Amino acid sequence: MTSSPAPPPVPSGPPGIRQPLRRLRARGRDEAHRTATPLELFFDLCFVVAVAQAGIELVHSVAEGHAGQGILDYAMVFFALWWAWMNFTWFASAYDNDDVLYRVVTLVQIAGVLVLAAGVSRAFEEHDYLVVWLGYAIMRVAMAAQWLRAARGAEGPERTTALRYAGGVLACQVGWLGLLFLPEGARPWWFLVMALLEMCVPPFAERGHTTSWHPRHIAERYGLFTIIVLGETIAAATVAVKSGIDENDALGELLPIAAGGLLIIFAAWWIYFVVPIHGHLRSNRQAFLWGYGHYLVLASAAAIGAGLEVAVEETVGKAHISTLAASAAVTLPTALYLLTVWALHSRHFKRGITQQLVLPTTALLVICCTFFGHWAVFAAGVVCALSVVAGETLAATRPAARQSGSATRTG
């Protein structure tokens, strides 16, 4: 890998005055005290608006007995959200200079995700992707503009990398037009082709030169977005339980779902954040696998909230599906979350077969809880909570490994 040179000093203007335009140069990977900016946090919160819309439509599809089509639409819409978010995050880690133009272009991307959010219901209900495509196009063209700015301030291999990014982003955006004109049956296959092409752009662009993303900053950004998605999951489930109680006076029936859902989400947070992952992100190969894998982490985390809403609607008689299907709407995304977090985080820090098997075994037991009828969600929550207890207990027996910086705990 070609390491990036140390960034030149950034000229500063008078105190309290933001420079409207500065040269966009690579930042150093070893910067101290690198943290998420207020603009990045605002970016995340606006993206969750679209994530919430996708979750609402997934609930409607599953509750009406169209789970297969609903999951497919959800996977497609969530990919657009996740990919645009991820591209911005890695670019910002390497090039954020926080000048006025950078902020304006980022706000344009935020506008794009809000346009996309406005088209989610039409994508699910009418399979009309025009508004979704338009919102995605706004985000991606703005992203290409950022890369062209970076290319203007760079030279040699770094400039080539930036131009490859810009060209790849724009070429793929043209390809996504297929979702508007191809027959409905061909769209999922075209989506798969285009998604693979999109994911090939970063490895192609960074051949010969590695952008100067910051490991701690990247780990923090992914962690913060995971927190926001889990928070949206809690909010959606809380609203569903409240509505069920208010409209159907079903406190006794909904209490196990509320308790189990809370345990699942608490455990999901614990398991994700118990290990310091930034030390594992040492190269592009490791970082790309970790970053791409978060599509499943984030999509499953958001789907848990949708599943809890479906379970509530089935319990109060508003969903046209079986109890088994409603239970699976919670347990299957929970199991997927556990397995992907284990694959991306935990397995790198576990010591011994017993610790390695905690999360895979938990995922299997959560799937088995699907068959527990109306107690399925509560049982899955208890299993997840016990998984945390088991992991902490096993970690306590290996203090030496933990002191060495390998954080051998659950998650």
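The values are calculated or read from the model by the stated rules, or taken from the named source; none is laboratory data. Keep in mind it's a predicted model, so treat the numbers as computed, not measured. Note that each Cβ is placed from the backbone with ideal geometry, even for glycine, and that neighbours are counted across all protein chains shown.
A few notes on this one:
- Considering the conditions (1) more than 18 Å from the chain's Cα centre (by Cα); (2) within 30 Å of Ser212 (Cβ to Cβ); (3) not aliphatic (A, V, I, L, M), Asn248 is excluded by exactly one of them, (2).
- If you go through the stretch 273-288 and keep only what is in a helix (DSSP H, G or I) and either surrounded by 17 or more Cβ atoms within 10 Å (Cβ to Cβ) or modelled with pLDDT under 85 (or both), you end up with Ile277, His278, Gly279, His280, Asn284, Arg285, Gln286, Ala287, Phe288.
- Test: Gly244 is surrounded by fewer than 22 Cβ atoms within 10 Å (Cβ to Cβ) and modelled with pLDDT under 85: no
- Positions within the stretch 302-340 being closer than 17 Å to Gly70 by Cα and among the basic types (Lys, Arg), in sequence order: none
- Total residues in the stretch 284-304 satisfying the condition of being over 18 Å from Ala343 (Cβ atoms) and either under 14 Å from the mean Cα position of the chain (by Cα) or hydroxyl-bearing (Ser, Thr, Tyr) (or both): the figure is 1.
- Evaluation of Arg149 against (1) among the basic types (Lys, Arg); (2) farther than 26 Å from Thr37 by Cβ; (3) crowded, with 17+ Cβ neighbours inside 10 Å (one fails), failing number: (2)
- Contact map, the stretch 25-41: first residue within 20 Å of Ile227 (Cβ to Cβ), second residue of a type in the set (D, E, K, R) and not in a helix (DSSP H, G or I), Cβ cut-off under 9 Å, separation 6 or more or different chains; pairs are Arg34/Arg27; Thr37/Asp96; Thr37/Asp98; Leu39/Asp96; Leu39/Asp98; Glu40/Asp96.
- Condition met for Pro202 (crowded, with 20+ Cβ neighbours inside 10 Å, in contact with a Gly (Cβ under 9 Å, 6 or more places away or on another chain) and under 28 Å from Pro38 (Cα atoms)): yes
- Options Glu313, Glu253; residue that is surrounded by fewer than 18 Cβ atoms within 10 Å (Cβ to Cβ) and not aliphatic (A, V, I, L, M): Glu253
- Count - residues of the stretch 56-109 that are within 26 Å of Cys172 (Cα to Cα) and not in a helix (DSSP H, G or I): 1
- Of the residues making up the stretch 209-239, those that are among the small types (Gly, Ala, Ser) and under 22 Å from Gly28 (Cβ atoms) are Ser212, Ala219, Gly223.
- Qualifying residue in the stretch 24-39 (condition: in contact with a helix residue (DSSP H, G or I) (Cβ under 6 Å, 6 or more places away or on another chain), buried (at least 19 other Cβ atoms within 10 Å of the Cβ) and under 18 Å from Val141 (Cα atoms)): yes
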